Amino acid sequence: MTFDENGPKSVLFVCTMNSVRSPMAEVLMKAALQRSGVSDVFVDSAGVETRDIDGFAIAVMAELDLDLERHGAKDLFEAEFDSYDLIITLSTRAHGAIEQQMKTSSFATEHWPVPDPSDQDGKRALRLEAFRAARDDISARIEQRFFAK
């Protein structure tokens, strides 16, 4: 697994609330960079709005020994979205918000539509499975986009 040295030097993951998908993406990307010995890429996450980190997100990331407990949600403007080389949106709402901003700014974007696992109703096991599916989807996309040869 090798990071593309021509890749972006700063990446912002954006979802709706910065409480599930984008924080998971941030931590997964940082872990992948660390495993590759890459230390010069800045990674962050933000939401269109903010909400406290979801306990199910904390749980499924802990399964991989990745910590989300101290994550502090921030919105797009706190993240200074226009200073990133690449912004990756993970929800339709985030994609729309970034498209609006592209009218007055110029930055590279990609849209990775990842279903919101917090929409899953039911028992704890079903909800955890939805969060694992989102985590694994994001992880696979990171590997494919940034580390595949």
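Within 10 Å of each candidate Cβ there may be at most 11 other Cβ atoms; applying that plus a DSSP loop requirement, which chymotrypsin sites (Phe, Trp or Tyr not before Pro) in region 59-149 survive?
F77
Hey, got the dipole for the chain? About the Cα centre, +1 on K and R Cβ, -1 on D and E Cβ, debye to the nearest 20?
In total the dipole reaches around 280 debye.
Return the long-range amide H neighbours of T109 (sequence gap of 5 or more, or a different chain), with a cut-off of under 5 Å between placed amide H atoms.
Result for T109 returns I87.
Please arrange L64, L90 by counting, for each residue, the other beta carbons lying within 10 Å of its beta carbon, fewest first.
So the ranking, lowest neighbour count to highest, is L64, L90.
Can you bin region 1-128 into rounded, prolate or oblate? Criterion: square roots of the alpha carbon gyration tensor eigenvalues sorted a ≥ b ≥ c, rounded for a/c under 1.5, prolate for a/b above b/c, oblate for the rest.
oblate
Please give the Cα centre distance for region 90-149 versus region 1-74, rounded to the nearest Å.
Here the answer is 11 Å between Cα centres.
Using a basic spin-label model with each label point 7 Å from the Cα along Cα→Cβ, how many nm lie between A125 and D4?
4.1 nm
Which peptide among 114-121, 53-60 comes first, and what is the full order, when sorted by highest mean count of other Cβ atoms within 10 Å?
53-60, 114-121
Taking other Cβ within 10 Å of each residue's Cβ, how do R141, R70, R35 sort, fewest first?
R70, R35, R141
Kyte-Doolittle cut-off -1.0, length cut-off 24 Å along the helix's own axis using Cα: show which whole DSSP H helices in the chain pass.
124-142
Just so you know, all these numbers are worked out from the coordinates, no wet-lab data involved. A quick note: this is a predicted structure, and the numbers were derived from the prediction, not measured. Positions of Cβ are backbone-derived with ideal geometry, glycine not excepted, and every protein chain shown enters the neighbour counts.
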